[in-house]
Amino acid sequence: MFNTPVAFDVTGDAYDRFMGRYSRRLAPLFADFAGVREPQRVLDVGCGPGALTTELVRRVGAEQVSAVDPSPRFVAALRERLPQVEVQIAPGESLPHPDDSFDAAVAQLVVSFMRDAPAAATEMRRVVRPGGVVAACMWDARGGMELLSLFWSAANELDGTTVDDESRMRYRTPEELRELLEGAGLGDVREELLEVTAGYDDFDDFWSAIDLGVGPIGAYFAKLDEARRIDLRELLRQRLGEPTGAFTLTGRAWAVRGMRA
């Protein structure tokens, strides 16, 4: 599969242009689903440059929010954006917090990229108090995220074969997400499909975000020579209906939450 540290060794601004236009809209829906509200203390696991963290701060205040991410560049970006939030460089599999520290531990669009998601889910359970909530969400693997579906469909045609795309990653179905939390010993597990839209000014706005090196798409794109990039650009333009102005794409994410008994 993909080398996650390399795939996300990018600036916070690059992530924002590529995925942030979706994750910022997803954050309030996911926080609602997780039941985040005052006066809870909340941990954002795999915070990235802070789409969800910003929403958590809006709800409960900066002093009640902590965040971790293994990417030094993302942590630096979040510290600059939200200097009052406690942010540490750490993977979800080894959280630098005592037992029973939080009312909720949440992970938005990250568990599929963890080296050991079951270990991370167990860690999230450890750091929440009895009665606390652990929640995670990932884009739907069954074509529910148009950006990903469009790109990998074009990549498959370009290569003339089945590429190693994100649909093969784990924890992108409600069944696998439920299994992840139940396996960590969480109870009352529930799932819900969350839907957002994101806008692009035009096709150039869409294409420029592809060329930023973010995530598995960025890793795949970096391996293409210039001629194949031109071919890929035309395939994507055709799949989008050859837009001449602004357009939107839809993203659907499965969210799952469980309670520590």
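The values are calculated or read from the model by the stated rules, or taken from the named source; none is laboratory data. Owing to the predicted nature of the structure, the values given are computational and were not obtained by experimental measurement. Cβ atoms come from the backbone with ideal geometry, glycine included; neighbour counts cover every protein chain shown.
So which residues in segment 49-67 are buried (at least 22 other Cβ atoms within 10 Å of the Cβ), of a type outside the set (Gly, Ala, Ser) and farther than 21 Å from VAL196 by Cα?
Passing the criteria: only VAL65.
State all residues of segment 49-72 that are among the charged types (D, E, K, R) and either part of a strand (DSSP E or B) or in contact with a Gly (Cβ under 7 Å, 6 or more places away or on another chain) (or both); if no residue qualifies, say none.
Just the residues of segment 49-72 that are among the charged types (D, E, K, R), to begin with: 55, 58-59, 63, 69.
The answer is ASP69, and nothing else.
Go through the residues of segment 108-119 one by one and say whether even a single one is more than 16 Å from PRO70 (Cβ to Cβ) and of a type in the set (Val, Ile, Thr).
no
Given the conditions (1) acidic (Asp, Glu); (2) within 18 Å of SER23 (Cβ to Cβ); (3) touching a strand residue (DSSP E or B) at 6+ places or on another chain (Cβ under 7 Å), and given that ASP205 satisfies all but one, which numbered condition is not satisfied?
Failing condition for ASP205: (3).
Test THR161 against the stated conditions and say whether it is β-branched (Val, Ile, Thr) and touching a residue at least 12 places away in the same chain (Cβ under 8 Å).
On the way: β-branched (Val, Ile, Thr): yes; touching a residue at least 12 places away in the same chain (Cβ under 8 Å): no.
Judged against the criteria, THR161 is not a match.
Within segment 29-48, can you find the residues that are assigned to a loop (DSSP other than H, G, I, E, B) and surrounded by 17 or more Cβ atoms within 10 Å (Cβ to Cβ)?
VAL36, GLN40, ARG41, GLY46, CYS47, GLY48
Hey, does segment 112-129 have a residue that's more than 23 Å from ALA14 (Cα to Cα) and among the hydroxyl-bearing types (Ser, Thr, Tyr)?
Within segment 112-129, one or more residues are more than 23 Å from ALA14 (Cα to Cα) and among the hydroxyl-bearing types (Ser, Thr, Tyr).
Select from segment 88-105 the residues that are surrounded by 20 or more Cβ atoms within 10 Å (Cβ to Cβ) and among the aliphatic types (A, V, I, L, M) and write down the one among them that is nearest to GLY35 (Cα to Cα).
Per the stated criteria, the residue is ALA104.
Which one of these is at pLDDT 95 or above and within 16 Å of the chain's Cα centre (by Cα): PRO72, PRO39, PRO49, PRO5?
Values: PRO72 fails: within 16 Å of the chain's Cα centre (by Cα); PRO39 fails: within 16 Å of the chain's Cα centre (by Cα); PRO5 fails: at pLDDT 95 or above.
Being at pLDDT 95 or above and within 16 Å of the chain's Cα centre (by Cα) holds for just one of PRO72, PRO39, PRO49, PRO5, which is PRO49.
Here is a check on your reading of the model: is GLU123 farther than 17 Å from GLY215 by Cβ, surrounded by 19 or more Cβ atoms within 10 Å (Cβ to Cβ) and not β-branched (Val, Ile, Thr)?
Yes: the conditions hold for GLU123.
If we scan segment 141-152, do we find a residue that is part of a strand (DSSP E or B), acidic (Asp, Glu), within 18 Å of the chain's Cα centre (by Cα) and within 27 Å of THR54 (Cα to Cα)?
No, segment 141-152 contains no residue that is part of a strand (DSSP E or B), acidic (Asp, Glu), within 18 Å of the chain's Cα centre (by Cα) and within 27 Å of THR54 (Cα to Cα).
If I ask for residues that are assigned to a helix (DSSP H, G or I), touching a helix residue (DSSP H, G or I) at 6+ places or on another chain (Cβ under 9 Å) and under 26 Å from GLY199 (Cα atoms), which ones from segment 153-179 would you list?
SER153, ALA154, ALA155, GLU157, LEU158, GLU166, SER167
Here are some conditions: (1) out of contact with any Cys (no Cβ under 9 Å at 6 or more places or on another chain); (2) on the phi < 0 side of the Ramachandran plot. LEU78 meets all but one. Which one does it not meet?
Condition (1) is where LEU78 drops out.
Give segment 40-89 a look and list any residue that's touching a Phe, Trp or Tyr at 6+ places or on another chain (Cβ under 6 Å) and without any contact (Cβ under 8 Å) to a residue 40 or more places away in the chain, or say none.
PRO49, the sole residue that qualifies.
For segment 215-261, which positions are buried (at least 17 other Cβ atoms within 10 Å of the Cβ), closer than 24 Å to VAL134 by Cα and not aliphatic (A, V, I, L, M)?
GLY251, TRP254, ARG257, GLY258, ARG260
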